[in-house]
Amino acid sequence: MSNKFFSFQAYFVLAGIHLFALLAGESFNWLIMVTKPLLLLMLIAIFYLQSKSSSGNFKKLVLAALFLSWLGDVLLLFQQRDANFFLAGLVSFLSAHVFYILAFRKTTLHHSLTIIKEKPWLILLFVAYGAGFYFLIRNGLGEMMVPVMLYMVVILVMSLVALNRFRRVEYHSFVLVFAGALSFMASDSLLAINKFYVSFPLSGFLIMLTYIVAQYLIVKGTLAQLASERLKV
């Protein structure tokens, strides 16, 4: 197919259809089942096609993270049928974040002092958020306590590593990826609140909206990093 079909514009059209289906009610569940797996497949195709002239482990790590995110999306579609699908989806997304961590550690600029080493107190902000969130949802976790806590640690580390790209990649790439990481945290936080603390209106819509934005920003940011690397060759 033409590369024009696999564009960010097409991704947002698909995202809009998916979000509409989430608002439209149970009669459109079939449309949710169709569009949700296509979202990450579209981003994978976009990333692959727009990075064809690049090579190396960074590109492979991002592709692996996107693929595992897609797998997590598919597994979570069936969580209502069997709770094990939620656990499998959690493991898939945890693995995706590990690959994002490995990718975000590959930087292009050499600054003598990273932002975390320069301002270690920033770590406390993420620790405080994680601790506060744990106390909020802990009573509803039950046997999911360990996997959810492990997942929380990994996504907090992913966000910290995204923050630590500051001054070590082009600024545009840093802003996009860090904003994507924070949006990912917001999406997962909303999901956890809805599942383990209290259900709230429009939860599915808000979870997917922040998730769609998160993956878009990360892909745009990583493509920006690859583009800056090509300019230096």
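Among the residues making up region 24-43, those that are surrounded by 19 or more Cβ atoms within 10 Å (Cβ to Cβ) and not polar (S, T, N, Q) are Ile32, Lys36, Leu39, Leu40, Met42, Leu43. Of everything listed in (1) part of a helix (DSSP H, G or I); (2) β-branched (Val, Ile, Thr); (3) out of contact with any His (no Cβ under 9 Å at 6 or more places or on another chain), the single unmet condition for Ile32 is (3). Scanning region 1-23 for residues that are surrounded by fewer than 16 Cβ atoms within 10 Å (Cβ to Cβ), of a type in the set (Gly, Ala, Ser) and in a helix (DSSP H, G or I) yields a total of 2. Taking Leu76 as the residue in question, decide whether it is closer than 23 Å to Leu38 by Cα and in contact with a Gly (Cβ under 7 Å, 6 or more places away or on another chain). Yes. What do you reckon, is Phe174 assigned to a helix (DSSP H, G or I) and under 16 Å from Val213 (Cα atoms)? It is true that Phe174 is assigned to a helix (DSSP H, G or I) and under 16 Å from Val213 (Cα atoms). Across region 109-131, not a single residue is classified as under 23 Å from Leu68 (Cα atoms) and of a type in the set (Phe, Trp, Tyr).
Here Phe67 clears all of (1) aromatic (Phe, Trp, Tyr); (2) surrounded by fewer than 13 Cβ atoms within 10 Å (Cβ to Cβ); (3) under 22 Å from Val91 (Cα atoms) except the condition numbered (2).
For region 87-112, the candidate set comprises residues that are in contact (Cβ under 8 Å) with a residue 60 or more places away in the chain and farther than 19 Å from Leu63 by Cβ; within that set, the residue that is surrounded by the fewest Cβ atoms within 10 Å (Cβ to Cβ) is Leu109.
The number of residues in region 45-63 being surrounded by 18 or more Cβ atoms within 10 Å (Cβ to Cβ) and under 13 Å from the mean Cα position of the chain (by Cα) comes to 1. Scanning region 28-40 for residues that are within 15 Å of the chain's Cα centre (by Cα) and farther than 20 Å from Ala224 by Cα turns up Lys36, Pro37, Leu39. Figure legend. Inter-residue proximity from region 127-140: first residues in contact (Cβ under 8 Å) with a residue 40 or more places away in the chain and under 17 Å from Met185 (Cβ atoms), second residues assigned to a helix (DSSP H, G or I) and of a type outside the set (Val, Ile, Thr), beta-carbon distance below 6 Å, spacing 6+ or different chains. Indicated pairs: Ile137/Ala192; Ile137/Phe196. Restricting region 150-200 to residues that are of a type in the set (D, E, K, R) and under 17 Å from the mean Cα position of the chain (by Cα) leaves a set whose member that is farthest from Ser69 (Cα to Cα) is Arg165. Just one residue in the set Tyr197, Tyr216 is among the aromatic types (Phe, Trp, Tyr) and over 26 Å from Ile116 (Cα atoms); that residue is Tyr197.
Rule-based calculations on the coordinates, nothing more; no lab input. Keep in mind it's a predicted model, so treat the numbers as computed, not measured. Note that we place each Cβ from the backbone using ideal geometry, even for glycine, and neighbour counts take in every protein chain shown.
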